[in-house]
Amino acid sequence: MRNEQAACYAASAIGYLTGRPGVCLVVSGPGLIHALGGMANANVNCWPLLVIGGSPERNQETMGAFQEFPQVEACRLYTKFSARPSSIEAVPFVIEKAVRSSIYGRPGACYVDIPADFVNLQVNVSSIKDVERCMSPPISMAETSAVCTAASVIKNAKQPLLIIGKGAAYAHAEESIQKLVEQYKLPFLPTPMGKGVVPDNHPYCVGAARSRALQFADVIVLFGARLNWILHFGLPPRYQPDVKFIQVDICAEELGNNVKPAVTLLGDINAVTKQLLEELDKTPWQYPPESKWWKTLREKMKSNEAASKELASRESLPMNYYTVFYHVQEQLPRDCFVVSEGANTMDIGRTVLQNYLPRHRLDAGTFGTMGVGLGFAIAAAMVAKDRSPGQRVICVEGDSAFGFSGMEVETICRYNLPIILLVVNNNGIYQGFDTDTWKEMLKFQDAASVVPPMCLLPNSHYEQVMTAFGGKGYFVQTPEELQKSLRQSLADTAKPSLINIMIEPQATRKTQVNTVAKQKARNASA
Ligand code: ADP
Ligand code: MG
């Protein structure tokens with residue numbers, strides 16, 4: 001790949017998608033430093049990852065060696081385990097420990113440091129102890145009494161809600177959770193990467209009434225989702241003050257974070273869900289489908305969906321986000337990976353673009369990291385190539401987000417990966433200006449001072465980054481052009497493509513002169 005950071009993002013996504021750590025191999029000093037972003041992102045997401053870094057020869061340490069840096073120490077903050085083998089004989093032992101640490105318990109990132117002089121050392125093969133491939137993590141189950149209590153809390157709920165997080169996706173708990181949802185007719189809400197564990201179009205998915213569901217639920221079961229910023233910390237006013245949380249997690253330290261849970265179920269999500277199913281099965285019960293709660297949720301979903309459909313149907317140009325995503329959704333292959341990053345691009349896209357399969361959505365995640373998209377798309381494409389040739393990766397990027405790792409398009413073309421990049425282009429970070437406004441601004445002598453730092457060059461031809469390396473590029477401004485180019489991209493399985501989609505740069509665009517005058521006034525008063 002072109003940069004250690006994107007490589008490290010890719011390796012971490014391999015870990016999330018396969019359950020075994022991807023390995024990111026980096027050069028010393030700056031190479032390792034660039035990978036820290038990927039390690040932090042993996043660790044915060046609870047994804048397995050192994051980074052192996054080269055480092056200067058040991059006999060030059062503290063002498064100012066080429067690219068010398070305290071690498072093992074630096075990685076401690078970003079990993080579960082960071083070490084340098086004491087000798088070359090110890091390498092297999094330390095690698096096994098790093099792999100095991102990355103997948104046992106709460107998954108995370110690990111680092112192993114390999115000094116340059118190891119590379120040319122001689123080793124006596126017979127002196128190396130055989131180290132076996134690390135086994136899959138042991139499956140742990142929750143305490144029986146806690147499972148009984150949880151089942152009774154669920155049965156007594158008036159307004160229950162299941163929240164399905166990316167921990168449930170990682171745990172491959174889709175079958176048992178779907179059974180729980182369907183057998184007991186319980187409403188569920190996926191987190192961004194929990195999407196697809198149960199399909200988004202399932203009748204019991206209340207994603208379109210998210211705020212309402214969170215706010216009025218009286219019992220919430222958390223399947224591998226932390227009560228952090230994504231879930232508004234589990235606190236009022238976004239939740240009822242007396243809501244009963246049932247937390248299912250593999251990490252004991254997570255239980256009780258930010259709220260006092262009614263029940264804690266420590267263990268593997270899949271195993272614990274099966275325990276819950278068994279317990280609930282003991283007496284006939286299901287949540288009444290004609291309850292007031294279901295009615296409230298259905299009404300809210302209907303009105304929210306109607307509002308977004310109305311926005312999507314607007315015919316004014318440039319297009320808005322909803323129009324774009326509505327047309328993309330129409331053609332999205334059912335089994336495709338959806339990778340997404342950007343502010344509005346990711347947030348609005350998530351509500352329109354549907355996931356039907358688990359572990360098929362990758363985005364900025366718990367850390368809110370921009371720049372992950374291309375690395376994640378490359379990882380997803382590698383997994384797809386191995387598992388089901390023909391499967392596509394749709395990578396939906398904001399124009400600003402695309403800029404972080406845009407040169408990885410060359411990597412995509414070099415390996416000819418089945419990736420379609422959509423750059424939703426509003427000429428800026430959050431928002432930008434159109435060409436006329438730019439021209440108007442440039443008439444001022446102090447143009448540099450009136451261009452807000454979030455504005456990027458208007459009408460940038462990002463599709464040419466793709467054509468530069470032999471892929472297909474499209475510049476689209478209308479729904480028809482978008483439909484046509486996406487159809488062609490999906491039909492063309494021989495080449496990756498990039499569709500640069502121009503949208504309304506500002507939600508409420510003021511007249512051009514006013515915009516410039518306002519910005520000048522703002523600058524003057526700043
Ligand atoms: P989301 O972003 O979807 O809300 P989080 O990343 O906040 O999800 O939470 C995922 C949780 O899942 C973490 O607390 C992690 O410890 C937990 N987890 C990961 N794997 C398993 C597993 N096999 N069984 C139970 N919990 C798991
Ligand atoms: Mg933008």
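The values are calculated or read from the model by the stated rules, or taken from the named source; none is laboratory data. Fair warning: this is a prediction, and the values are worked out from it, not measured in the lab. Cβ placement follows ideal geometry from the backbone for every residue including glycine, while neighbour counts extend to all protein chains displayed.
Region 324-405 holds helices (runs of 4 or more DSSP H) entirely within its bounds, and those carrying 1 or more residues that are touching a helix residue (DSSP H, G or I) at 6+ places or on another chain (Cβ under 9 Å) and within 16 Å of ligand 1 (Cβ to nearest atom) map to 344-352, 373-387. Between Arg84, Arg100, the distinction of being within 16 Å of ligand 1 (Cβ to nearest atom) and surrounded by 15 or more Cβ atoms within 10 Å (Cβ to Cβ) belongs to Arg100 only.
Selection of first residues in region 473-493 that are more than 18 Å from Ala312 (Cα to Cα) and of second residues that are acidic (Asp, Glu) and outside any loop (DSSP other than H, G, I, E, B), restricted to Cβ pairs under 6 Å at least 6 apart or on distinct chains, gives the following pairs, ordered by first then second residue: Gly473/Glu463; Tyr474/Glu463; Phe475/Glu463.
Just to be sure before I move on: is Met454 under 26 Å from the mean Cα position of the chain (by Cα) and modelled with pLDDT of 95 or more in the structure I sent?
Considered against the rule, which asks whether it is under 26 Å from the mean Cα position of the chain (by Cα) and modelled with pLDDT of 95 or more, Met454 comes out as no.
Quick check on region 361-376. Is at least one of its residues of a type in the set (D, E, K, R), within 30 Å of Ala171 (Cβ to Cβ) and within 16 Å of ligand 2 (Cβ to nearest atom)? Looking through region 361-376, at least one residue is of a type in the set (D, E, K, R), within 30 Å of Ala171 (Cβ to Cβ) and within 16 Å of ligand 2 (Cβ to nearest atom).
Within region 239-260, identify whether any single residue is among the small types (Gly, Ala, Ser), part of a loop (DSSP other than H, G, I, E, B) and surrounded by 13 or more Cβ atoms within 10 Å (Cβ to Cβ), and answer yes or no.
Let us first name the residues in region 239-260 that are among the small types (Gly, Ala, Ser), namely 252, 256.
Then keep just the ones that are part of a loop (DSSP other than H, G, I, E, B); that gives 256.
Subsequent filtering for residues that are surrounded by 13 or more Cβ atoms within 10 Å (Cβ to Cβ) retains 256.
The answer is yes; a qualifying residue exists.
Listed by first and then second residue, the pairs linking a residue in region 330-355 that is without any contact (Cβ under 8 Å) to a residue 24 or more places away in the chain to a residue that is part of a loop (DSSP other than H, G, I, E, B), with Cβ atoms under 9 Å apart and 6 or more places separating them unless they lie on different chains, are Arg334/Gln354; Arg334/Tyr356; Arg334/Leu357.
Filtering region 475-490 to residues that are in a helix (DSSP H, G or I) and either surrounded by 15 or more Cβ atoms within 10 Å (Cβ to Cβ) or among the hydrophobic types (A, V, I, L, M, F, W, C) (or both) leaves Pro479, Glu481, Leu482, Gln483, Ser485, Leu486, Ser489, Leu490. A single member of Glu440, Glu397 is among the acidic types (Asp, Glu) and free of Cβ contacts under 8 Å to residues at least 60 places away in the same chain, and it is Glu397.
Just wondering, is there one or more residues in region 408-421 that are within 16 Å of ligand 2 (Cβ to nearest atom) and at pLDDT 95 or above? Yes, region 408-421 has at least one match. Scanning region 291-316 for residues that are assigned to a loop (DSSP other than H, G, I, E, B) and at pLDDT 95 or above yields a count of 1.
Scan region 134-145 and tell me whether some residue there is touching a Lys or Arg at 6+ places or on another chain (Cβ under 7 Å) and without any contact (Cβ under 8 Å) to a residue 40 or more places away in the chain.
So far as region 134-145 goes, yes, one or more of its residues are touching a Lys or Arg at 6+ places or on another chain (Cβ under 7 Å) and without any contact (Cβ under 8 Å) to a residue 40 or more places away in the chain.
Of the residues Leu36, Leu50, the single one that is modelled with pLDDT of 95 or more, within 22 Å of Phe404 (Cβ to Cβ) and either crowded, with 22+ Cβ neighbours inside 10 Å or under 20 Å from the mean Cα position of the chain (by Cα) (or both) is Leu36.
In region 208-234, what residues are within 14 Å of ligand 1 (Cβ to nearest atom) and surrounded by 20 or more Cβ atoms within 10 Å (Cβ to Cβ)?
Leu214, Ile220, Val221, Leu222, Phe223, Gly224, Ala225, Arg226, Leu227, Leu231, Gly234
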